[in-house]
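Structure record follows, encoded as structure tokens.
The values are calculated or read from the model by the stated rules, or taken from the named source; none is laboratory data. Because the structure is predicted, anything quoted here is derived from the model rather than measured. Neighbour counts run over all protein chains shown; Cβ positions are idealised from the backbone, glycine included. Areas reflect the complete protein model, heavy atoms only, side chains present, ligands, DNA and RNA absent. Shrake-Rupley method; radii C 1.70, N 1.55, O 1.52, S 1.80 Å.
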Amino acid sequence: MSDVRHVLVLPDRDAAEEVAEELADRFGVAEEPQLVRDALAGEDDAEDAQWLVVVEDPAGRLDPGALDEFAAEYEGWLEKP
């Protein structure tokens, strides 16, 4: 089975950092999630940047539905593969 990677899209850095911390507690994610600033195409204003939380899931054990609901608590969503 190939490695699974989940990408959660969050509205701002604070939300992304909270989600990254909470992932370990709520989902038992062992590996540190990666935070990536995703500036929207054509936008120069940093306020319009979304933040991505990239979660490696090599065992494929995380439930995408649960991750999507979790991200929604922070006004975000799970990017569909």
Can you sort Asp12, Asp57 by solvent-accessible area, 1.4 Å probe, largest first?
Asp12, Asp57
Where segment 2-74 is the region considered: accessible area per residue in Å², 1.4 Å probe:
60
Two-site label geometry, Glu69 and Ala39: point separation in nm, points 7 Å out along Cα→Cβ:
3.7
For q = 0.12, 0.20 Å⁻¹, Debye-computed log10 I/I(0) when each Cα of the chain counts as one equal scatterer:
-0.32, -0.83
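Could you check how much of the accessible area of the chain is carbon and sulfur, as a whole percent, using a 1.4 Å probe?
45
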Point-to-point label distance, Arg61-Glu22, nm (Cα→Cβ direction, 7 Å offset)
2.2
Considering Cα pairs under 8 angstrom that are at least six residues apart, work out the relative contact order of segment 2-74 and quote it in whole percent.
47
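Would you calculate a helix-derived [θ] at 222 nm for the chain, using -39,500 (n - 2.57) for each DSSP H run of n ≥ 4 and dividing by the full residue count, to the nearest 500? Walk me through the numbers before you get to the answer.
Numbers: 2 runs with 24 residues, N = 81.
Using -39500 (n - 2.57) per qualifying helix, the result is -9000 deg cm²/dmol.
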